[in-house]
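Notes follow once the structure below has been shown.
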There are 2 protein chains.
Amino acid sequence: MRIIGIDPGLTRCGIGIVTAGAGRRVEFQHVEVLGSPAGAPLPARLHQLGSSIRRLLDGERPDGIALERVFAQQNVASVMGVAQISGVVMYLAEERGIPVAMYTPNEVKSQVTGYGSADKAQVTTMVTRLLGLAAPPKPADAADALALAITHAWHLGRGGSADRQRAAAAPGETPAQRAWREAEAKVGRRRSGPRG
Amino acid sequence: MRIIGIDPGLTRCGIGIVTAGAGRRVEFQHVEVLGSPAGAPLPARLHQLGSSIRRLLDGERPDGIALERVFAQQNVASVMGVAQISGVVMYLAEERGIPVAMYTPNEVKSQVTGYGSADKAQVTTMVTRLLGLAAPPKPADAADALALAITHAWHLGRGGSADRQRAAAAPGETPAQRAWREAEAKVGRRRSGPRG
């Protein structure tokens, strides 16, 4: 199972690719951050990013895409651009028959770090450990994209549907806490768990 | 000059096509309202609408597209879907080298009816008269799409750039009022002007 995580944005669009193995095993494949010039016209920016994503989908032929779900409430200044490039990603994915799963930032944090209010540094730390990377992926958009891909890989590993569209309103804490403990055990975490 | 106006939306996406003649002359070509089923997954909806728009662009080969500019502030419930399909429209347009112009609803109302706070019925009435239609285009999304196309045709007729991206923060009332008077004169309007 080859999963592409996409943290959408016009200025920085994180792309992370992992393969999902048995159980909760995930293997790093690729990470990059696409961008488009802030001063360029919007259609040109969307086309530049969209063309890169199209080539990526055609080259990688992923089994699924995990895309960050945005809400109109958050980051009003950038949310329109995020929604616009997300629309392009979904259009291109559907055109290729690649299922798209959407996760809120809190769901991703909850899965990868064990609790939904983790900060960016904690997400980066856990992604680095879970994938056994030599150095933390930077910028945060890169780590976020990998975290999305890991979240979806685990979702599929639990028998979740590939075209999962709707996030649970309040995901239970138990699976997240289990994920945390399993991740802890796997990566040999040294500091204490979330919130003590 | 062949202009496509697009009033973007997932449930109803208005499409209006006009040709721009000399001065302020505009001629009706086509109007339709695309839609996608509300219960379908978002990627499928975006792909269904995007595919129709792609075929339209390839078939009509317009000189320009006028797209409604949305803000995160307005209609929070539907604004994300509007932004997503707008992103797809811009991606497809840029891929074909077709310039996209964006107008706020107030700019369109101001141009077509003479004042920015006109209601939907007034926009429909003026579009019907300006294009000499036998019956008012319905639903409102159809009239709005034609109003967008007319607005852009007039903008180009005044020597405006085809890839106009940014709306003036507060468009002057004088050109709008002039547009109103000219439209009045042209269509032989019988009732009184805006706000008496």
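The values are calculated or read from the model by the stated rules, or taken from the named source; none is laboratory data. Keep in mind the model is a prediction, meaning the values are calculated, not measured. Neighbour counts are summed over all protein chains in view; Cβ atoms, including those assigned to glycine, are modelled from backbone coordinates with ideal geometry. Surface accessibility is based on the protein's heavy atoms, side chains included, excluding ligands, DNA and RNA. Shrake-Rupley method; radii C 1.70, N 1.55, O 1.52, S 1.80 Å.
Please compute one quarter of the surface area of the Cα convex hull for the stretch B:50-142 and express it in square nanometres. Don't jump to the answer; show the numbers that get you there.
Values: hull surface 27.3 nm².
Average projection, Cα convex hull of the stretch B:50-142: 6.8 nm².
To the nearest 100 Å², how much accessible surface do chains A and B cover up together, summed over both, with a 1.4 Å probe?
Values: alone 9420 and 9460 Å², together 16570 Å².
Counting both chains, the buried surface is close to 2300 Å².
Here the Kirkwood formula, the inverse mean of 1/r across different C-alpha pairs, assigns the stretch B:1-110 a hydrodynamic radius of 14.4 Å. The accessible area of A:D141, taken with all protein chains in place and a 1.4 Å probe, comes to roughly 20 Å². For the stretch B:1-104, the share of accessible area belonging to carbon and sulfur comes to 49 percent (1.4 Å probe, ligands and nucleic acids excluded). Roughly how far apart, in whole Å, are the Cα centres of the stretch A:114-141 and the stretch A:38-53? Between the Cα centre of the stretch A:114-141 and that of the stretch A:38-53, the gap is 28 Å. A point 7 Å from Cα along Cα→Cβ stands in for B:A135, and the other copies hold the same point at 6.8 nm, listed in rising order. Accessible area per residue was computed with a 1.4 Å probe on protein heavy atoms; A:F71 scores about 90 Å².
Annotation for A:A38, label-to-label distances across the other copies: 4.0 nm (shortest first, one decimal, point 7 Å from Cα along Cα→Cβ).
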